[in-house]
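Visitor: Following this message is one structure expressed as structure tokens.
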Amino acid sequence: MKNEKELTKTINLSTLMHDIFNAIEGESVILQQLLNGLHGNTLDDIKPILISLSEANSNSIELIEAYRNHQSINKVLETDQSSINEVDILNLLNNLYQEYYPLSRTRNLELLCEFSTNYVHGTIALGNRTQLHRMLSNLIQNAMQYTKVGSIYLRLLNQKDDLIISIEDTGIGIEPEDLPDIFLPFYRSKKNDLHEPSRSGLGLYIAKMIAKSHNLEIRVSSTVGKGTEFSVVFPYKKGKYGMGDP
Ligand SMILES: Nc1ncnc2c1ncn2[C@@H]1O[C@H](COP(=O)(O)OP(=O)(O)O)[C@@H](O)[C@H]1O
Ligand SMILES: [Mg+2]
């Protein structure tokens, strides 16, 4: 029993380090771009970038604080009922676009938003904004890491009454035999081990745990050599989007 507790604690700390590392790594790239004048030279030019850097920093601080408060009960990736609020998913996706488009430029990838002008039940869902941001960040980071050329699409659409976030890339794809295991902690496909040796195999585990704590489904479909699509489904129930039944 003690070993299981120790293991959960290690996984929690590793997931925290994973996300803080990715945040700092991304921020360093963006700071370098700002220094090189890539986003313009006046305060007005760079203000949107500064705002998204500052939001990214606040998110990291919030993650560390959540870890500090919860580490004794091992609940870092869980979402308690009291932290569930109304989250505007369209606004969240727009913020993620602001946050990640500078990185997509560095990698010569196109980051594209495809949003509709009308959603059957609006775009407000129930959830914890920081955790949903963390879940989607991991999906977007993967899409950028595993795409050498082409585009990443951020989409928000309705499927019947439900609201679907889709993150699709034109990257290397996932081998069918890897698909059942990709959400396991520390799992990395053998092939990718060679490409990106510094990665830890925790991103999808984090995304899955957050989806689980929100009773959301994550779907994946992938074709090797063509690309991958991850979708998160917010079910429409009793006049609201998400969360589903446990
Ligand atoms: N968008 C993607 N395209 C191709 N492969 C992916 C994608 N997202 C995840 N994978 C595969 O799933 C594995 C697990 O992903 P993740 O948990 O984020 O770990 P990591 O990125 O640290 O290896 C990766 O090693 C990779 O093989
Ligand atoms: Mg990853």
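Visitor: Would you mind checking which residues have amide H under 5 Å from TYR241's amide H? H placed 1.01 Å from N; only 5 or more apart, or other chain.
Guide: So TYR241 has HN proximity to LEU126.
Visitor: Shifting gears a bit: With springs connecting C-alpha atoms under 10 Å apart, model the chain as a Gaussian network and identify which of SER60, SER231, SER28 has the largest mean-square fluctuation.
Guide: SER28
Visitor: Still on this model: For the stretch 203-226 and the stretch 20-64, compute the distance between their C-alpha centroids and round to whole Å.
Guide: Taking the Cα centre of each part, the stretch 203-226 and the stretch 20-64 sit 26 Å apart.
Visitor: Please tell me the relative contact order of the stretch 110-246 in percent, rounded to the nearest whole number, where contacts are Cα pairs under 8 Å and at least six residues apart.
Guide: The value is 29 percent.
Visitor: Quick one: which residues, 5+ away or cross-chain, put their amide H under 5 Å from the amide H of ILE152? H built at 1.01 Å from N.
Guide: Here the answer is GLU110, LEU111, LEU112, since their amide H atoms fall under 5 Å of that of ILE152.
Visitor: Now for a different question. For the chain, what is Rg from Cα atoms divided by 2.2 N^0.38 Å, rounded to two decimals?
Guide: For the chain, the normalised Cα radius of gyration is 1.01.
Visitor: Full extension from ASN94 to SER28: what is 0.36 nm times the residue separation minus their Cα-Cα distance, to one decimal in nm?
Guide: Extra length available between ASN94 and SER28 comes to 21.6 nm.
Visitor: Right, here's the next one. Note down the nm distance, to one decimal, between modelled labels 7 Å out along Cα→Cβ at ASN3 and at LYS160.
Guide: 4.5 nm
Visitor: Still on this structure, I have one more. Points 7 angstrom from Cα along the Cβ direction at LYS191 and GLU110: gap in nanometres?
Guide: Rounded to a tenth, the inter-label distance reads 2.4 nm.
Visitor: Okay, next question. Place a point 7 Å from Cα of VAL220 in the direction of its Cβ. Which residues in the stretch 118-156 have their backbone N less than 20 Å from it?
Guide: Only 132-149, 151-155 fall inside the zone, counting backbone N under 20 Å.
Visitor: Within the set LYS208/LYS240; LYS9/LYS212; LYS5/LYS191, which residue pairs have Cα atoms separated by over 25 Å?
Guide: LYS5/LYS191
Visitor: In the Gaussian network model of the chain, springs joining C-alpha atoms below 10 Å, which of PRO180, PRO48, PRO102 carries the largest mean-square fluctuation?
Guide: PRO180
Visitor: Rounded to the nearest 20 debye, what is the charge dipole size of the stretch 116-246 about its Cα centre when +1 sits on each Lys and Arg Cβ and -1 on each Asp and Glu Cβ?
Guide: 360 debye
Visitor: In the stretch 86-131, how does Rg compare with the Kirkwood Rh, expressed as the Rg/Rh ratio over alpha carbon atoms?
Guide: With Rg and the Kirkwood Rh in hand, the quotient comes to 1.06.
Visitor: How much FRET efficiency would the formula 1/(1 + (r/R0)^6) give for PHE21 and GLU55, where r is the Cβ-Cβ distance and R0 is 22 Å, rounded to 0.05?
Guide: That gives a FRET efficiency of 0.75.
Visitor: Using only alpha carbon pairs under 8 Å that are at least six residues apart, calculate the relative contact order of the stretch 2-241 and give it in whole percent.
Guide: Answer for the stretch 2-241 is 19 percent.
Visitor: Once the convex hull of the alpha carbons of the stretch 21-111 is built, what does its volume come to per residue, in cubic angstrom?
Guide: 125 Å³
Visitor: For a quick check, take a GNM of the chain with Cα springs below 10 Å and name the residue from MET144, MET17, MET209 with the largest mean-square fluctuation.
Guide: Largest GNM mean-square fluctuation: MET17.
FYI, it's all coordinate maths here, none of it is from the lab. Since we're looking at a predicted model, the values are computed, not measured. Methodologically, a virtual Cβ is constructed for each residue, glycine included, from the backbone with ideal geometry; neighbour enumeration extends over all protein chains shown.
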